[in-house]
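A.B. asks: Once you've had a glance at the structure underneath, I'll fire off some questions.
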């Protein structure tokens with residue numbers, strides 16, 4: 001049976017996090033249709049972000065310093081021109097959000113109250129009530145979105161495919177709503193579908209974000225960059241919950257220490273910057289302490305203590321819900337999947353390698369994150385490049401060629417997804433090796449054979465296959481069987497059709 005097809009004469013945005021809504025706002029005066037699975041301000045990583053937005057907002061800082069810190073954190077893979085663009089436009093992006101009503105913390109003089117986070121050379125992270133930045137920013141942007149007459153929001157939709165013509169141009173989307181398949185054509189599609197962290201067993205963000213936008217774009221032929229680089233937040237609160245609550249990095253910026261079960265601070269043994277080392281280093285250190293049976297805890301008793309309820313209310317509430325009072329007890333912590341540095345390759349305006357298709361936010365690869373994202377650059381990237389994508393997409397003109405590809409992708413059953421998540425954490429986690437990655441790819445082969453080319457399986461395959469191919473350690477990608485970093489790091493650029501054959505198919509030959 002043919003799906004019902006409708007036409008949208010404007011910009012079609014899939015995803016309603018900060019990147020998607022920034023794009024929709026920037027599309028004015030062109031109409032923008034925002035498709036989202038969950039209601040606004042729910043089901044997106046942006047609303048869960050704690051730390052804040054990094055930008056050169058003080059007299060002691062400069063965009064060039066921010067750009068340099070971004071490049072340094074990325075372990076040789078950051079595009080310096082894109083990092084400079086992000087940093088140059090960062091302060092204006094934060095001020096724009098403040099003008100929309102985002103209640104950033106202020107100092108006595110009325111300026112932004114800024115905190116220091118790992119791998120930053122200056123205090124430059126604008127926060128809201130310590131750890132409420134994502135929720136508060138999204139509340140302001142959501143209110144602004146609903147007030148705009150050019151934006152229509154349609155919730156309860158799930159992306160199931162991309163419409164494509166004979167020339168390869170993306171012409172719209174296939175969505176499922178209330179159990180029905182619908183096709184929507186549009187002059188421009190912006191994917192702002194989030195990352196792949198829901199493909200892992202323990203995450204710090206909404207588990208429904210499983211890389212479906214990335215997988216569908218790859219299946220359509222889009223160029224993908226750096227999918228092997230997955231960031232694990234070092235200090236997820238280890239109280240047996242999935243998603244895991246997050247103990248924001250700002251706590252370490254305030255002086256909280258990482259200690260083992262014997263009460264010994266251990267980070268100085270792993271890196272000279274100790275608690276403020278890059279995230280990948282801290283995550284591996286905590287992983288090592290736990291693997292050795294010593295345990296890992298974040299001790300904020302002296303740094304924050306009785307100020308917890310007011311200074312970090314989200315962390316305080318999460319700890320209490322798990323039976324931990326962080327005012328008087330160290331917080332048990334463990335690394336958890338947090339962010340995907342890889343994604344759909346875009347230019348500085350969000351355009352992908354496929355005409356008619358744009359991407360922004362975590363599903364995109366703008367070149368600013370490299371092998372290890374600098375703390376609090378994610379919300380900034382979403383705002384800066386989401387706005388750029390919306391402004392570029394509003395100029396798109398409707399194509400007239402015939403649509404030739406309009407099949408919805410299959411859906412991976414929940415039981416199979418659960419097994420995939422466990423395998424992704426075990427084999428493509430904080431520490432990896434070739435044998436484990438081979439086992440993971442074989443599992444993906446089996447699942448695809450049973451259920452078809454599901455979009456989330458495609459995203460998992462890209463991550464695992466490129467991690468296996470990169471037989472070296474770099475940034476967040478650590479191979480225990482190849483721990484040395486390359487002398488000249490190079491980014492991964494790949495299409496789905498050009499992936500190396502899986503171990504299963506090689507064995508079959």
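The values are calculated or read from the model by the stated rules, or taken from the named source; none is laboratory data. What you see is a predicted model, and the numbers here were worked out from it, not measured in a lab. Every residue, glycine among them, receives a Cβ derived from its backbone with ideal geometry; neighbour counts consider all protein chains shown.
A.B. asks: Could you check, for the range 421-428, whether at least one of its residues is in contact (Cβ under 8 Å) with a residue 40 or more places away in the chain, closer than 20 Å to residue 194 by Cβ, part of a loop (DSSP other than H, G, I, E, B) and touching a helix residue (DSSP H, G or I) at 6+ places or on another chain (Cβ under 8 Å)?
C.D. replies: yes
A.B. asks: From the list 227, 234, 243, which residue is buried (at least 24 other Cβ atoms within 10 Å of the Cβ), under 25 Å from the mean Cα position of the chain (by Cα) and in a loop (DSSP other than H, G, I, E, B)?
C.D. replies: Values: 234 fails: in a loop (DSSP other than H, G, I, E, B); 243 fails: buried (at least 24 other Cβ atoms within 10 Å of the Cβ).
Among 227, 234, 243, only 227 is buried (at least 24 other Cβ atoms within 10 Å of the Cβ), under 25 Å from the mean Cα position of the chain (by Cα) and in a loop (DSSP other than H, G, I, E, B).
Here's the yes/no breakdown for (1) farther than 21 Å from residue 87 by Cα; (2) surrounded by fewer than 24 Cβ atoms within 10 Å (Cβ to Cβ); (3) under 18 Å from the mean Cα position of the chain (by Cα):
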site	(1), (2), (3)
14	yes, no, yes
32	yes, no, no
50	no, no, yes
56	no, yes, no
62	no, yes, no
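A.B. asks: In the range 458-497, what count of residues is obtained for those that are closer than 17 Å to residue 343 by Cβ, in a helix (DSSP H, G or I) and in contact with a helix residue (DSSP H, G or I) (Cβ under 7 Å, 6 or more places away or on another chain)?
C.D. replies: 9
A.B. asks: On to the next question. Just to be sure before I move on: is residue 251 crowded, with 24+ Cβ neighbours inside 10 Å and farther than 30 Å from residue 490 by Cα in the structure I sent?
C.D. replies: Criteria met by residue 251.
A.B. asks: Answer yes if at least one residue in the range 123-140 is in contact with a strand residue (DSSP E or B) (Cβ under 8 Å, 6 or more places away or on another chain), surrounded by fewer than 22 Cβ atoms within 10 Å (Cβ to Cβ) and not assigned by TED's automatic domain parsing to the domain that holds residue 361, and no otherwise.
C.D. replies: yes
A.B. asks: Something else now. For the range 405-417, check the following and say yes or no: at least one residue is within 20 Å of the chain's Cα centre (by Cα), surrounded by fewer than 23 Cβ atoms within 10 Å (Cβ to Cβ) and farther than 23 Å from residue 475 by Cα.
C.D. replies: The answer is yes; a qualifying residue exists.
A.B. asks: Would you say residue 320 is modelled with pLDDT of 95 or more and either in contact with a strand residue (DSSP E or B) (Cβ under 7 Å, 6 or more places away or on another chain) or closer than 30 Å to residue 406 by Cα (or both)? It would help to see each step written out before you state the result.
C.D. replies: On the way: modelled with pLDDT of 95 or more: yes; either in contact with a strand residue (DSSP E or B) (Cβ under 7 Å, 6 or more places away or on another chain) or closer than 30 Å to residue 406 by Cα (or both): no.
Criteria not met by residue 320.
A.B. asks: Among the listed residues 221, 213, identify the single one that is surrounded by fewer than 24 Cβ atoms within 10 Å (Cβ to Cβ) and either under 23 Å from the mean Cα position of the chain (by Cα) or in a strand (DSSP E or B) (or both).
C.D. replies: 221
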